[in-house]
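First the structure, then my questions, so here it is.
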Amino acid sequence: MRKLSAILILLSASSLMTAAQTSPAGGSTPSAEEVMRFLEILRVKPQLTLYFDGVAKQAKLGAEEGFKRKKPDATPAQLTEVDNFAEKLFQNMPIDEMVDAMVPIYQKHLTREDMDAILAFYSSPVGLKLQREQPAMMQEGMKVGGEIGRRRLESMMQQMDDFIAKMAQEQKNPSKP
């Protein structure tokens, strides 16, 4: 579970910070203030906080399930310790740093004109509705995605266990060519 959590963190962070600062083709670059205004309208900081809260909850569930598989007779104290460990993994995420790192990415890909049109959309009734509904949609998506991920992880772990058992058996009884 720790590996899955670390992978999620790395993917999230790297997807936010991998662009160079260049001007978008065919237009003027939006200012950092314009991009930050856009990110504030989108509520990116609260969205990232919500995202990492959801990931933390899924990591906690996955860690608990994994621990129970490895130790079916786990005590309540051990399960509490696993829960506490999993909760701490996603505490103190550098949300402000992530948002700041997004500014040059948006500047690279969007023109000032693009930013004006996007801001106009998010100020419209449907844009405001999208902003209102997005947190609930994100929470529901995290729950469904977490369930799918846990099922997939269980299958992957079973395949790994089967593979290791087969390799161990072959090592005990090497076949002669």
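Is there a residue in the stretch 104-114 that is part of a helix (DSSP H, G or I) and free of Cβ contacts under 8 Å to residues at least 24 places away in the same chain?
Filtering the stretch 104-114 down to residues part of a helix (DSSP H, G or I) leaves 104-109, 112-114.
With the extra rule that they be free of Cβ contacts under 8 Å to residues at least 24 places away in the same chain, the set shrinks to none.
No, every residue in the stretch 104-114 fails to be part of a helix (DSSP H, G or I) and free of Cβ contacts under 8 Å to residues at least 24 places away in the same chain.
Follow-up. What tally of residues in the stretch 164-174 results from selecting those that are assigned to a helix (DSSP H, G or I) and over 22 Å from Phe67 (Cβ atoms)? Break it down into steps so the answer makes sense when it comes.
Initially, the stretch 164-174 is screened for residues assigned to a helix (DSSP H, G or I), giving 164-172.
With over 22 Å from Phe67 (Cβ atoms) added as a condition, the list becomes 166-172.
Total meeting the criteria: 7.
While we're looking at this one, here's another question. Pick from the stretch 72-90 the residues that are part of a helix (DSSP H, G or I), within 20 Å of the chain's Cα centre (by Cα) and not basic (Lys, Arg): which of them is surrounded by the most Cβ atoms within 10 Å (Cβ to Cβ)? Step through it out loud before you land on a result.
Step one: filter the stretch 72-90 for residues part of a helix (DSSP H, G or I), giving 76-89.
If we keep only those that are within 20 Å of the chain's Cα centre (by Cα) as well, we get 83-89.
Narrowing the set further to residues that are not basic (Lys, Arg) leaves 83-87, 89.
Working: Asp83: 15, Asn84: 10, Phe85: 15, Ala86: 23, Glu87: 14, Leu89: 19.
Step by step, filter the stretch 72-90, then rank; the result is Ala86.
Go through (1) at pLDDT 85 or above; (2) touching an Asp or Glu at 6+ places or on another chain (Cβ under 9 Å) for Val144 and report which single condition fails.
(2)
A quick yes/no check of all residues on (1) under 21 Å from Ser124 (Cα atoms); (2) of a type in the set (Asp, Glu); (3) modelled with pLDDT of 85 or more:
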position: Leu8; (1), (2), (3): no, no, no
position: Gly27; (1), (2), (3): no, no, no
position: Ser31; (1), (2), (3): no, no, yes
position: Glu34; (1), (2), (3): yes, yes, yes
position: Glu40; (1), (2), (3): yes, yes, yes
position: Leu48; (1), (2), (3): no, no, yes
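The values are calculated or read from the model by the stated rules, or taken from the named source; none is laboratory data. Everything quoted here is computed from the prediction, not taken from an experiment. Note that we place each Cβ from the backbone using ideal geometry, even for glycine, and neighbour counts take in every protein chain shown.
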